[in-house]
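In what follows, a single structure is set out as structure tokens and then discussed.
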Number of protein chains: 2
Amino acid sequence: MHRRLLLLGLLRQHKMHGYQLNEFIERDLSFCAEVKRPTAYYLLEKLAEAGYITEEEEERRGGRPPRRIYRITPRGEAYFLELLRENLRTYRRVTFPGDMGIAFIDALPPHEARELLEERYAQMREMLERIQQISGHAGAPRLVIEHHITHLKAELNWLEEVLASLAQEEESAGEA
Amino acid sequence: MHRRLLLLGLLRQHKMHGYQLNEFIERDLSFCAEVKRPTAYYLLEKLAEAGYITEEEEERRGGRPPRRIYRITPRGEAYFLELLRENLRTYRRVTFPGDMGIAFIDALPPHEARELLEERYAQMREMLERIQQISGHAGAPRLVIEHHITHLKAELNWLEEVLASLAQEEESAGEA
DNA sequence: CGCTGATTAGTCAAATTTGATGATATGAGC
DNA sequence: GCTCATATCATCAAATTTGACTAATCAGCG
């Protein structure tokens, strides 16, 4: 449902055609939202079927696919608020794909595990910097950016501890 | 791929039939892994097709569906290590469904938003406690539990700030 | 001008994921 | 010894998600 909420929330601000919507999501929200192009078109169709948005076809010059302009309806507005309340009210836990590796980390020698996780660590640092850059950039919601910054800092801290404990394992293995 | 890694990782420890696997995932790993029953069966089939695991049918008394025992193969072992290295090496950003609500929080009066988020906050606290309980419980990987604890604490902190800023908005709105 | 690479706009087939369901067995309580 | 709840073992149809693709227009340039 959070994807529908996103689409409705954006259409609520301005009517738009699909491409615009996707551009915006990819450029400004890719750091926090995961909605690929075809998914967005799929959902737009669903939302239109359900009467939450309207599709108007706009003639385009040439043989290019005509673009469709989506606009939220009053029912869509109401649905948006419903989804919004539901979203704010409930906590949905996230799962970290990266945890699966951690769960089986003992399958590798500590030395190798540490090297691999150091690459991961570097990528997390980069991501943090990229997000801190966005801060100025309008279009991205401030609170969400701050959320991701908080989150990434916590992730970095945790990973530092893991790395430290791996270093210790290496040491005691070296002694033995 | 992280789901395949999980299945292979578990089968690497013991051969198992699908039901057992699913039981374990639901009971001990649901806090960190999201793999529903049918998904697991689907992936087991795929892994078997690819030769990473073998399926042996075991006759069951009565008319119950026969259970199939899955066992990892040497190729599966190699594939597991490949997936494990890849998983440890790369950072995959997570997206928070709950951010979509935050992004549009201004659509609600601060007062209502705060009330809703307070419910969310309570659920997060509960989740934290539940995870802290697991700590003793064997079967769940320690590092992953600690990861989630770190994460949840950071989430709680962040949400407290959001709540505080909403309270402030309410106040200044009250004055006006 | 004619070519190349980017941009615009959206579609399709295929892979993945899940809610709902089936059918039997086992155990607890009466 | 009967009934209802729960456990065992999965499958199916339907919804969702995405990688790959089409096909036209446009901007730059030698």
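Throughout, read-outs are computed from the coordinates displayed, never taken from laboratory work. If you're wondering where the values come from, they're calculated on a predicted model, not measured in any experiment. Every residue, glycine among them, receives a Cβ derived from its backbone with ideal geometry; neighbour counts consider all protein chains shown.
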In nm, spacing of pseudo-spin labels at A:Leu156 and B:Arg27 (7 Å Cα→C-beta vector): 4.1
For the protein assembly as shown, Kirkwood radius (reciprocal of mean inverse C-alpha pair distance, Å): 23.0
Residues with amide H under 5 Å from that of A:Arg67, placed H, sequence gap 5 or more: A:Glu58, A:Arg60
The range A:29-73 residues near the modelled A:Lys15 label - backbone nitrogen below 16 Å, point 7 Å along Cα→Cβ: A:48, A:52-60, A:67-73
Inter-copy separations for A:Glu26, label at 7 Å along Cα-Cβ, nm, ascending: 4.0
Compactness of the range A:8-163 as Cα Rg over 2.2 N^0.38 Å, two decimals: 1.36
Built amide H within the under 5 Å cut-off of B:His17, gap 5+: B:Tyr70
Loop sites in the range B:59-113: GluC sites (Glu not before Pro), DSSP, at most 16 other Cβ within 10 Å: B:Glu59
Cα→Cβ-extended label distance, 7 Å offset, between B:Glu129 and A:Ser165, nm: 2.5
Spin-label proximity, A:Met1 to the range B:124-167 - amide N less than 17 Å from point 7 Å beyond Cα toward beta carbon: B:124
Alpha-carbon centroids, the range B:1-56 and the range B:107-176: separation in whole Å: 32
Averaged over A:154-162, number of beta-carbon atoms from partner chains that fall within 10 Å: 4
Intensity falloff of the range B:2-89 expressed as log10 I(q)/I(0), Debye formula with alpha-carbon point scatterers, at q = 0.26 Å⁻¹: -1.41
Dipole of the protein assembly as shown, positive direction: furthest Cα of B:Val35, A:Leu128, A:Ile69, with charges on the beta-carbon: A:Ile69
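Peptide A:28-34: average number of partner chain Cβ atoms within 10 Å per residue?
Mean shielding by partner chains, rounded to a whole number: 4.
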Karplus 3J(HN,Hα) series, Hz, for the range B:30-41 with 6.51 cos²θ - 1.76 cosθ + 1.60 (x for Gly, Pro): 4, 5, 10, 10, 10, 9, 6, 3, x, 4, 4, 4
MRE, 222 nm, helices only [DSSP H, n ≥ 4, -39500 (n - 2.57), over chain B, to nearest 500]: -22000 deg cm²/dmol
Listed pairs A:Lys15/A:Lys36; B:Lys46/B:Lys153; A:Lys36/B:Lys15; A:Lys15/A:Lys46; B:Lys15/B:Lys36 exceeding 26 Å between Cα atoms: B:Lys46/B:Lys153; A:Lys36/B:Lys15
Largest-first ellipsoid semi-axes for the range B:98-175, taking √(5λ) over the Cα gyration tensor eigenvalues, angstrom: 32, 11, 10
For the range A:43-52, Karplus couplings with θ = phi - 60° (6.51, -1.76, 1.60), whole Hz, Gly/Pro x: 5, 4, 4, 4, 4, 5, 3, 7, x, 7
Shielding by partners - mean other protein chain Cβ count within 10 Å, residues of A:136-148: 4
Span per principal axis, largest first, for the Cα atoms of the range B:38-112 (Å): 62, 40, 15
Approximate spin-label separation B:Glu34-B:Glu146, in nm, with each point projected 7 Å along Cα-to-Cβ: 2.6
Nonlocal amide H pairs with A:Leu29, under 5 Å, H built at 1.01 Å: none
Per-residue HN-Hα couplings for the range A:134-145 [Karplus 6.51, -1.76, 1.60; θ = phi - 60°; Hz; x = Gly/Pro]: 4, 2, x, 2, 6, x, 8, x, 4, 4, 5, 4
